[in-house]
1. Does residue 107 satisfy the criteria of being surrounded by 12 or more Cβ atoms within 10 Å (Cβ to Cβ), at pLDDT 95 or above, under 17 Å from the mean Cα position of the chain (by Cα) and closer than 23 Å to residue 69 by Cβ?
2. Among the listed residues 20, 6, 43, which satisfies the condition of being crowded, with 20+ Cβ neighbours inside 10 Å, of a type in the set (A, V, I, L, M, F, W, C) and more than 12 Å from the chain's Cα centre (by Cα)?
3. Right, residue 35: modelled with pLDDT of 95 or more and either of a type outside the set (Ser, Thr, Tyr) or surrounded by 12 or more Cβ atoms within 10 Å (Cβ to Cβ) (or both) or not?
4. Can you confirm whether residue 89 is out of contact with any Pro (no Cβ under 8 Å at 6 or more places or on another chain) and charged (D, E, K, R)?
5. Looking at residue 71 and the list (1) surrounded by 14 or more Cβ atoms within 10 Å (Cβ to Cβ); (2) under 30 Å from residue 19 (Cα atoms); (3) at pLDDT below 95, which single condition is not satisfied?
Amino acid sequence: MFKNLAANLVTHERIETTDAKAKELRRVVERLITKAVRVGDLAYRPAADLSPAEQASRLHAQRLVSRFLPRFGVRLEAGAPKKIDLVEKVFCDLAKRYKGRPGGYTRITKLGPRRGDNAPMVFIELVDAELSKPKE
């Protein structure tokens, strides 16, 4: 369940879930992003510019992340499904975005109780995410 939630959070950068799941998901996703950030600029430099030792270091970190995240996610953009490489997104986009940040990559916003079973619902999102806002 947490693998799917983590994949959806990386794909969409904001999901709605229950409070208990979000608090546990925060631990999982922050560790994945931290693995990519700790590799440094090796995470997003072209492979041709890296030495064999640096390539091995990046490959090891990518394999650690891909053990938990599925390789691809699907997101609707302009009404058509778009396939996204999640490991690539963590290493290229998120590692670059959070390069100088020591942690705290996610934010939980409370929404209120769910109608039906009264479970507390929240939004969990990546901080500094460039979300597409609905037109008003």
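1. Yes, satisfied.
2. 43
3. Criteria not met by residue 35.
4. So residue 89 fits the description; yes.
5. (1)
The values are calculated or read from the model by the stated rules, or taken from the named source; none is laboratory data. All values reported here derive from a predicted model rather than from experimental measurement. Heads up, the Cβs are rebuilt from the backbone with ideal geometry, glycines too, and the neighbour counts pull from every protein chain shown.
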